[in-house]
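Novice: Have a look at the structure that comes next, please.
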Amino acid sequence: MKITEKNRVFILETEKTQYVFGAADDGTLCHIHWGDKAKEDDFAARFEANEKHRNGTEELAKNEYIGNSGQIFRPQSIIMNYADGCREALLKYQSYKIKEENDSMSLEVTLADEPYGIYVTLIYRIYKGYDLIERNSVIENMSKETAVIQKAASAELNLPSRRPYYSLNPNGSWGAEFTVEKTQVRNGTLVYQSTHGRSSHTNNPFFVLYENAGETYGEVFFGALKWSGNFKTEIARDWSGSTRVVIGINDTDFSYVLRPSESFETPVAVCGRTIGLAEMSNQMNSFAVEHILPKRYAKEPLPVLYNSWEATEFDVDSESQQRLAELAAKIGCELFVMDDGWFGQRKNDRAGLGDWYVNPVKFPQGLKPLIDKVNSLGMKFGLWFEPEMVNPDSDLYRAHPDWIYHYDTRDRTQIRNQFILNITKPEVKEFVFEVMDRMLCEYNIEYIKWDMNRAFTESGAENLENAQELWVIHTQAVYEIADRLKEKHKGLQLECCSSGGGRADLGAMSHFDMVWTSDNTDPVDRLDIQYGFSLLYPIKCMRAWVTDTNRYSRPYDWDFRFNVSMQGSLSIGGNLSKYSEEELAIHKKYIDLYKSVRNVIQFGRFYRLANYADDGIYATEYVGDKKCVLFVCKNVNSFYKDRYHHVKLMGLDPDAEYSVNWERCTEKFSGAYLMAKGLDIEMGGTLESKIIVIDKN
Ligand code: DGJ
């Protein structure tokens with residue numbers, strides 16, 4: 001890890017890569033290199049920094065953070081609107097600072113649009129042991145006039161090849177989050193974005209680009225934005241074949257007023273370059289544990305939880321929840337979460353949101369008897385909230401119809417029969433904090449599942465001078481409330497949910513301990529969802545329930561369901577009271593097994609050995625110090641077709657001996673053998689799956 005400057009050329013050295021840029025004679029900040037390491041002196045010559053002139057035209061130049069000035073017709077990083085009517089941001093290099101911290105180093109490069117007193121500091125941070133660069137920007141108004149930011153990206157990135165790249169991003173929807181689509185980036189601009197007010201089920205705020213790469217080979221360029229609101233990722237290929245990425249807060253319906261002496265900081269994008277997708281996922285996985293997830297639980301394995309939603313939906317009451325809790329404890333769950341339905345006049349999704357008092361009919365003595373029962377069974381208790389929302393049929397809405405985003409002249413669109421509270425109003429934000437805080441003070445609640453079930457419409461906020469700032473202020477308020485709750489209630493764990501994975505992003509993972517990936521718990525669909533999630537997000541954050549979804553329409557056995565859900569943070573969500581003793585025993589067997597390997601799954605190195613599109617099976621491998629766990633799932637409904645498979649293991653110690661524990665026997669092999677020769681695996685039958693635990697001797 002090293003950052004150097006010579007002749008206004010900056011070289012950031014990560015473990016295996018170099019990221020180089022420089023200030024040209026005219027002050028333009030030009031990108032030079034991102035990739036394998038070359039000799040520092042190769043870059044020191046000033047003319048190298050002068051990419052603008054090397055390319056012959058400003059239009060084709062590669063820049064670090066370009067404004068909407070001159071011949072810049074491609075997606076820009078910053079667009080300003082100044083008081084005198086000038087709408088060009090023309091940034092020139094001013095100065096730099098290098099700072100060293102314990103395990104990281106940062107470089108801050110300040111650019112200025114001097115006639116307007118606007119200073120933009122680009123922040124680059126690298127970390128020991130990683131090929132990742134965190135990037136963001138701070139825009140400061142040092143003038144006496146108010147200026148308006150129309151667009152401010154977190155990062156602009158230039159890719160080296162002139163051949164078209166392939167891009168991976170979810171082409172998802174509710175129930176199909178993270179189902180990744182591979183698209184070739186041809187000339188023009190490919191845009192992934194959200195205008196939903198949350199990062200959304202559709203696209204996710206990340207990019208993965210490669211020309212020719214697989215799990216173990218080929219240069220892969222990637223980045224993920226720590227942001228749960230509207231985002232925009234523009235991947236633009238110009239007529240000369242250069243590909244650039246601009247990633248940040250979405251500029252659609254966005255502007256931010258900067259008064260004199262005010263500043264605006266954009267969210268961080270964690271970017272990187274690795275050889276192969278496996279290395280990308282592993283770096284992002286362990287980086288999240290080390291540097292992103294809230295510290296308190298980052299390095300602790302997540303408990304096996306039971307969630308009541310699919311079993312009881314809104315029909316919760318003290319007695320039936322206690323019965324479920326007994327069964328959940330019996331099979332080995334460590335945390336019992338009561339989902340929707342416990343509050344206000346909540347009988348269905350048409351009423352109650354906003355009235356966060358315990359329903360006196362369902363819980364005549366409050367939640368205490370249930371929580372005491374859960375605790376006496378040795379489990380923690382968790383509770384569901386949807387704190388940003390209100391149903392029109394609620395006491396809260398009747399008292400405060402002006403507390404929601406709205407326009408007086410427009411109908412108020414209901415989605416799932418609910419509105420969004422305008423938490424950019426300080427009193428509403430305080431209300432949202434207080435409803436959860438009050439319950440946490442009154443009861444022994446150690447876990448909150450924070451849900452958010454609709455997109456924004458009629459986004460009026462009459463309290464704001466510039467309502468186009470609400471996209472940013474709302475998301476920041478969510479983070480602030482989550483942080484405050486955690487600060488006050490030290491042991492609290494938070495799960496971020498948004499009708500499934502509508503807010504499953506790195507921003508949420510900086511403030512919440514885990515995310516709900518999707519409402520779709522069908523195990524075959526889950527394999528695709530988990531594949532997409534695993535590309536850039538930490539395995540331990542991925543809550544994965546075993547339920548009885550499609551129990552009667554698809555012939556899954558419990559082995560298949562468990563072997564899919566054990567690939568993340570195992571959770572249980574079925575109606576246990578309908579299961580036979582034998583089925584409960586199967587649950588217990590798998591939960592015990594999961595507990596014995598969960599450190600390897602949640603913190604080990606992770607490899608996708610085979611995927612359905614290419615191999616007809618999904619195979620994943622988790623490697624810890626003493627154990628390795630292999631899952632193989634065949635989601636084809638056939639008996640003889642695709643019966644025989646071959647997988648080569650990865651990430652083992654070639655000189656160590658390993659015992660492969662098959663169902664009926666144990667075989668010993670060297671790590672070298674398992675990685676070079678691999679294992680032949682027979683996958684007969686319909687929807688078959690295996691978990692193979694391999695011990696390092
Ligand atoms: C949507 C969530 O994704 C579900 O898990 C559940 O909590 C429901 N909302 C409850 O309304």
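The values are calculated or read from the model by the stated rules, or taken from the named source; none is laboratory data. It should be emphasised that the depicted structure is a prediction, and the values quoted were computed from it without experimental measurement. Please note: Cβ atoms are built from the backbone with ideal geometry, for glycine as well, and neighbour counts cover all protein chains shown. Ligands, DNA and RNA are excluded from the accessible area calculation, which covers all protein heavy atoms including side chains. Shrake-Rupley method; radii C 1.70, N 1.55, O 1.52, S 1.80 Å.
Novice: Suppose we filter Asp625, Asp592 for residues that are of a type outside the set (Lys, Arg) and assigned to a loop (DSSP other than H, G, I, E, B); which single one remains?
Specialist: Asp625
Novice: Look at the stretch 578-614 and say how many of its residues are farther than 17 Å from Lys540 by Cα and of a type outside the set (A, V, I, L, M).
Specialist: Going through the stretch 578-614 one residue at a time, the tally reaches 14.
Novice: Go through the stretch 505-537 and give me each residue that's within 13 Å of Asn204 (Cβ to Cβ), away from the ligand (no atom under 11 Å from the Cβ) and in a loop (DSSP other than H, G, I, E, B).
Specialist: Matches in the stretch 505-537: Asp505, Tyr537.
Novice: Looking only at the stretch 67-94, how many residues end up being more than 14 Å from Asp26 (Cα to Cα) and either charged (D, E, K, R) or at pLDDT 95 or above (or both)?
Specialist: 17
Novice: Quick one: in the stretch 450-468, of everything that is of a type in the set (D, E, K, R) and buried (at least 19 other Cβ atoms within 10 Å of the Cβ), which residue is nearest to the ligand (Cβ to nearest atom)?
Specialist: Looking at the filtered set, the residue picked out is Asp451.
Novice: Which condition from (1) buried (at least 17 other Cβ atoms within 10 Å of the Cβ); (2) not in a strand (DSSP E or B) is the one that Ile691 breaks?
Specialist: (2)
Novice: Next question. Being away from the ligand (no atom under 15 Å from the Cβ), open to solvent by less than 10 Å² (accessible area, probe 1.4 Å) and not in a loop (DSSP other than H, G, I, E, B) is the filter here, so list the residues in the stretch 478-504 that pass it.
Specialist: Within the stretch 478-504, Val478, Ile481, Ala482, Leu485 qualify.
Novice: If you don't mind, there's one more thing I want to ask. Kindly check whether there is at least one residue in the stretch 195-211 that is charged (D, E, K, R), open to solvent by 30 Å² or more (accessible area, probe 1.4 Å), assigned to a strand (DSSP E or B) and over 19 Å from Arg74 (Cβ atoms).
Specialist: Checked the stretch 195-211: no residue is charged (D, E, K, R), open to solvent by 30 Å² or more (accessible area, probe 1.4 Å), assigned to a strand (DSSP E or B) and over 19 Å from Arg74 (Cβ atoms).
Novice: Report yes if some residue within the stretch 385-404 is under 17 Å from Phe336 (Cα atoms) and either open to solvent by 30 Å² or more (accessible area, probe 1.4 Å) or in contact with a Cys (Cβ under 6 Å, 6 or more places away or on another chain) (or both); otherwise report no.
Specialist: no
Novice: For the stretch 256-309, give me every one of the strands (runs of 3 or more DSSP E) that falls completely inside it and has 1 or more residues that are over 29 Å from Trp471 (Cβ atoms) and within 16 Å of the ligand (Cβ to nearest atom).
Specialist: It comes to 305-307.
Novice: OK, next. Restricting attention to the stretch 538-551, report how many residues are part of a loop (DSSP other than H, G, I, E, B), in contact (Cβ under 8 Å) with a residue 40 or more places away in the chain and under 17 Å from Gly175 (Cα atoms).
Specialist: Count: 3.
Novice: With respect to the numbered conditions (1) part of a loop (DSSP other than H, G, I, E, B); (2) buried (at least 22 other Cβ atoms within 10 Å of the Cβ), which one is the sole condition not fulfilled by Thr216?
Specialist: All conditions pass for Thr216, except number (2).
Novice: Of all residues in the stretch 321-360, count the ones that are more than 13 Å from the ligand (Cβ to nearest atom), in contact (Cβ under 8 Å) with a residue 40 or more places away in the chain and open to solvent by 20 Å² or more (accessible area, probe 1.4 Å).
Specialist: Residues flagged as more than 13 Å from the ligand (Cβ to nearest atom), in contact (Cβ under 8 Å) with a residue 40 or more places away in the chain and open to solvent by 20 Å² or more (accessible area, probe 1.4 Å) within the stretch 321-360 amount to 8.
Novice: Taking the stated definitions as given, is Arg273 basic (Lys, Arg), in contact with a Ser or Thr (Cβ under 8 Å, 6 or more places away or on another chain) and open to solvent by less than 10 Å² (accessible area, probe 1.4 Å)?
Specialist: yes
Novice: Any residue at all in the stretch 372-379 that's within 15 Å of the ligand (Cβ to nearest atom), touching a helix residue (DSSP H, G or I) at 6+ places or on another chain (Cβ under 7 Å) and within 15 Å of Tyr447 (Cβ to Cβ)?
Specialist: For the stretch 372-379, residues within 15 Å of the ligand (Cβ to nearest atom), touching a helix residue (DSSP H, G or I) at 6+ places or on another chain (Cβ under 7 Å) and within 15 Å of Tyr447 (Cβ to Cβ): absent.
Novice: Sticking with this one: Would you be able to say whether some residue in the stretch 180-193 is open to solvent by less than 20 Å² (accessible area, probe 1.4 Å) and charged (D, E, K, R)?
Specialist: no
Novice: Looking only at the stretch 310-320, filter to residues that are within 16 Å of the ligand (Cβ to nearest atom) and either more than 22 Å from Pro369 (Cα to Cα) or in contact with a Phe, Trp or Tyr (Cβ under 6 Å, 6 or more places away or on another chain) (or both); which one of those is least open to solvent (accessible area, probe 1.4 Å)?
Specialist: Val316
Novice: Would you point out the residue of the stretch 72-93, among those that are polar (S, T, N, Q) and in a loop (DSSP other than H, G, I, E, B), that is surrounded by the most Cβ atoms within 10 Å (Cβ to Cβ)?
Specialist: Among residues in the stretch 72-93 that are polar (S, T, N, Q) and in a loop (DSSP other than H, G, I, E, B), the one surrounded by the most Cβ atoms within 10 Å (Cβ to Cβ) is Ser77.
Novice: Can you name the residue in the stretch 611-638 that is modelled with pLDDT of 95 or more and among the aliphatic types (A, V, I, L, M) and, of all such residues, is surrounded by the most Cβ atoms within 10 Å (Cβ to Cβ)?
Specialist: Top of the filtered list is Ala619.
Novice: Separate question: What residue, of Ser69, Ser167, Ser106, is part of a loop (DSSP other than H, G, I, E, B) and open to solvent by less than 60 Å² (accessible area, probe 1.4 Å)?
Specialist: Ser69 is the lone residue from the list that is part of a loop (DSSP other than H, G, I, E, B) and open to solvent by less than 60 Å² (accessible area, probe 1.4 Å).
Novice: With open to solvent by 20 Å² or more (accessible area, probe 1.4 Å) and either at pLDDT 90 or above or charged (D, E, K, R) (or both) as the only criterion, which of Glu59, Glu64 stands out?
Specialist: Step by step, each of Glu59, Glu64 is checked, and only Glu59 is open to solvent by 20 Å² or more (accessible area, probe 1.4 Å) and either at pLDDT 90 or above or charged (D, E, K, R) (or both).
Novice: Using the structure shown, decide if Gly378 is out of contact with any Ser or Thr (no Cβ under 8 Å at 6 or more places or on another chain), in contact (Cβ under 8 Å) with a residue 12 or more places away in the chain, surrounded by 14 or more Cβ atoms within 10 Å (Cβ to Cβ) and not polar (S, T, N, Q).
Specialist: No, not satisfied.
Novice: Moving on. Which residues, taken from the stretch 510-544, are among the hydrophobic types (A, V, I, L, M, F, W, C) and open to solvent by 10 Å² or more (accessible area, probe 1.4 Å)?
Specialist: Val524
Novice: Return the only residue of Ala152, Ala176 being among the aliphatic types (A, V, I, L, M), over 25 Å from Tyr130 (Cβ atoms) and assigned to a loop (DSSP other than H, G, I, E, B).
Specialist: Ala176
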